[in-house]
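These notes are about the structure you will find just below.
Just so it is clear, none of the values below were taken in a lab; they were calculated from the coordinates. These figures come from a predicted structure and were not determined experimentally. FYI the Cβ positions are ideal-geometry reconstructions off the backbone, even for glycines, and counts take in every protein chain you see.
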Amino acid sequence: MLIWNFSLLKPKMFQRVKSPHLYVYSFFQQVGEVGLLLFKTFKNLFRKPWEKKIFIQQLEEVGVRSLPVVSLTAAFGGLVFGLQTYIGFHRYIGPGSETFGGPIISLGLSKELIPILVGLMVSGRVGSAIAAEIGTMKITEQIDALFSLGADPIRYIVVPRTLACFVMLPCLTIYGDIIGIGGGFFYNVYLMGVNRVLYIRNTLLYIELWDLFSGIIKAAVFGVIIALIGCWQGLKTEGGAEGVGRATTQTVVIASITILIINFFLSKALPASL
Amino acid sequence: MIRVVNLHKAFGQNKVLRGINLSLKSGEILVVIGQSGSGKSVLIKHMIGLLKPDKGEIYVDGVEITCLKDEDLHKITRRFGLLFQGTALFDSMTVAQNVSFGLERYTDFSKEKIQELVEENLDLVGLKGIGNLMPYELSGGMKKRVGLARAIAYRPDIILYDEPSTGIDPIRADAINDLIIRMKNELNVSTVIITHDIASAYKVADRIAMLYGGKIIEEGTPEEIEKSKNPVIQQFVRGRAKGPIENW
């Protein structure tokens with residue numbers, strides 16, 4: 001009944017068991033908890049009242065305030081990717097072939113590197129903040145107070161954050177794509193003297209709109225993962241300040257690993273081109 | 001109005017409630033007394049549906065609430081106001097936003113009317129004009145009173161107070177006692193109070209129940225409790241360190 005009290009999912013017989021089975025059980029229990037939270041979030045997505053004010057606050061928190069960190073990581077990601085691509089073409093194909101680095105850089109950045117970098121940066125910055133905020137609310141009984149004052153904690157806390165991450169991660173990825181591809185262009189054209197016209201022509205010739213879209217789809221999935229794991233860890237926080245610290249660390253670790261694993265399966269599942 | 005039947009609750013190995021039977025009549029003030037950690041807060045959290053019992057039933061006007069879905073439970077909990085022991089003020093909101101939270105969700109009042117009610121309720125607890133402050137700018141006692149204003153703002157039928165006078169000076173504590181009695185007399189509010197403050201309990205209670213060892217060991221009017229021959233009750237109400245209660 002009380003979806004933030006996840007201990008309800010744990011049968012008593014498992015609470016005292018200390019055996020290897022516990023680890024397997026614990027893994028599936030945690031997957032079940034996140035799955036349940038996802039289900040409840042989706043169900044509450046269409047129920048009124050919508051918490052518009054919190055949603056807008058979260059858009060700013062997730063999106064606008066992540067711009068500096070995304071700018072830096074995307075710029076340097078693009079520069080270093082441009083550097084290695086230049087070396088690769090120059091050394092193995094030969095001088096003059098560096099203009100073909102453009103589409104490689106754009107493809108690699110937009111499909112893989114930028115969505116992952118944005119996902120990891122946002123999980124560190126926003127996921128941990130979500131877990132810390134909700135965890136503090138949990139241990140100071142503010143979640144209980146929400147319930148007692150007629151606000152469903154899932155609808156009030158989880159839904160706006162999940163929606164905001166779902167919307168803003170793709171936006172940050174588009175922004176990161178522009179900065180990253182610009183960084184690769186800057187390194188090759190302005191620092192290494194690659195022909196600008198050929199570089200741009202080759203990029204536009206070989207890159208497809210789908211390459212950008214597949215990265216955006218990944219980013220949207222990563223957004224949901226970050227928000228859900230942050231909320232889940234926050235809602236199950238116990239034990240005061242130490243518990244809040246544990247929840248934030250766990251959020252970053254679990255979200256980062258999940259993003260890397262899911263990314264592989266999404267890369268495999270999404271078609272290479274349409 | 002509220003009937004608790006054979007309520008059991010354990011946290012791991014710690015059996016906190018071991019078969020509580022209790023009832024609250026309409027317009028009555030019931031005070032539950034007991035040692036720290038005896039499960040008084042756990043009891044009122046069950047009454048509002050914040051905790052689910054391991055065994056037992058809770059009826060609110062004949063409706064069994066322990067098996068209700070969240071949506072149906074919310075319809076029932078709208079009738080409750082709860083003052084938390086640790087105040088549980090929303091620390092990202094101003095005092096006024098805290099007090100108006102329930103009003104915005106439970107009523108169709110205009111913004112102006114809500115603003116007016118917020119001021120009125122803050123005035124009731126002696127905190128007029130602090131609506132723009134944040135909770136971190138308040139003392140412990142002020143937070144408690146803001147929590148009280150938030151709990152009573154939308155005029156619930158049933159108010160649960162978890163240690164309303166803790167952390168408040170004796171004069172303010174007595175003013176809160178008067179406010180609780182006034183709410184009962186003017187609005188026929190049914191009240192459950194958890195407290196250690198025996199003087200307050202004697203002043204406001206229609207009935208007092210003593211929780212000990214996970215059970216209600218005795219209940220009665222303040223006079224009956226005062227004259228009780230149960231040594232546990234006598235030790236507790238007299239505040240003696242020596243007696244049958246050794247586990248303190």
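Here is how the numbers come out for the structure above:
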read-out: In range of the label at B:Tyr59: residues from segment B:25-53 whose backbone nitrogen is under 18 Å from the point 7 Å along Cα→Cβ; value: B:25-28, B:47-49, B:53
read-out: Signed unit charges on C-beta, dipole axis of the protein assembly as shown, positive-most listed residue B:Gly214, A:Pro170, A:Ile157; value: B:Gly214
read-out: Most mobile listed residue (A:Val80, A:Val167, A:Val62) in chain A, GNM with C-alpha springs under 10 Å; value: A:Val80
read-out: Top of A:Thr237, A:Thr85, A:Thr140 by mean-square fluctuation, Gaussian network on chain A, Cα under 10 Å; value: A:Thr140
read-out: Rounded if a/c under 1.5, otherwise prolate or oblate - the protein assembly as shown, Cα gyration tensor axes; value: prolate
read-out: GNM flexibility winner over chain A from A:Leu107, A:Leu209, A:Leu120 (Cα, springs under 10 Å); value: A:Leu209
read-out: Test item: A:137-143 mean partner chain Cβ contacts at 10 Å; value: 5
read-out: Cα centroid separation - segment B:88-152 against segment A:23-82, whole Å; value: 31
read-out: Residue mean of other protein chain beta carbons inside 10 Å, B:45-57; value: 2
read-out: Near-label residues of segment B:141-169 by backbone N, under 17 Å of a point 7 Å along Cα→Cβ of B:Leu187; value: B:145-162, B:164
read-out: Chain B, relative contact order [Cα under 8 Å, separation at least 6], %; value: 26
read-out: Mean Cα-pair separation over length for chain A, i.e. relative contact order, pairs under 8 Å, 6 or more apart, %; value: 31
read-out: Two-site FRET efficiency, B:Glu226 against B:Arg105, from Cβ-Cβ distance with R₀ of 45 Å, rounded to 0.05; value: 0.60
read-out: Linear extension gain, A:Ile56 paired with A:Leu209, 0.36 nm per residue minus alpha-carbon span; value: 52.2 nm
read-out: Label point distance in nm, B:Arg238-B:Met134, each placed 7 Å from Cα along Cα→Cβ; value: 5.1
read-out: Gain in span if fully extended, A:Tyr190 to A:Ser97, counting 0.36 nm per residue against the direct Cα distance; value: 31.9 nm
read-out: Contour minus Cα-Cα distance for A:Arg47 and A:Ser273 (0.36 nm per residue); value: 77.7 nm
read-out: DSSP bridge pairs, the protein assembly as shown: antiparallel proportion in percent, nearest 5; value: 50
read-out: Computed E for B:Asp123/B:Met93 - FRET, C-beta separation, R0 25 angstrom, nearest 0.05; value: 0.80
read-out: Antiparallel bridge percentage (DSSP; both residues within segment B:154-239; nearest 5); value: 50
read-out: Cβ crowding within 10 Å averaged over residues, with A:122-135, A:45-58 ranked highest first; value: A:122-135, A:45-58
read-out: Spatial separation of Cα centroids for segment B:1-35 and segment A:136-208, in angstrom; value: 50
read-out: Fraction of antiparallel bridges per DSSP, segment B:49-192 only, in percent to nearest 5; value: 20
read-out: Ascending count of other beta-carbon atoms within 10 Å, so fewest first, for A:Val64, A:Val34; value: A:Val64, A:Val34
read-out: Segments B:63-69, A:147-153 sorted - mean Cβ within 10 Å per residue, highest first; value: A:147-153, B:63-69
read-out: Per-residue average of Cβ from other chains inside 10 Å of B:67-74; value: 3
read-out: Rg/Rh ratio calculated on Cα atoms of chain A (Kirkwood radius); value: 1.07
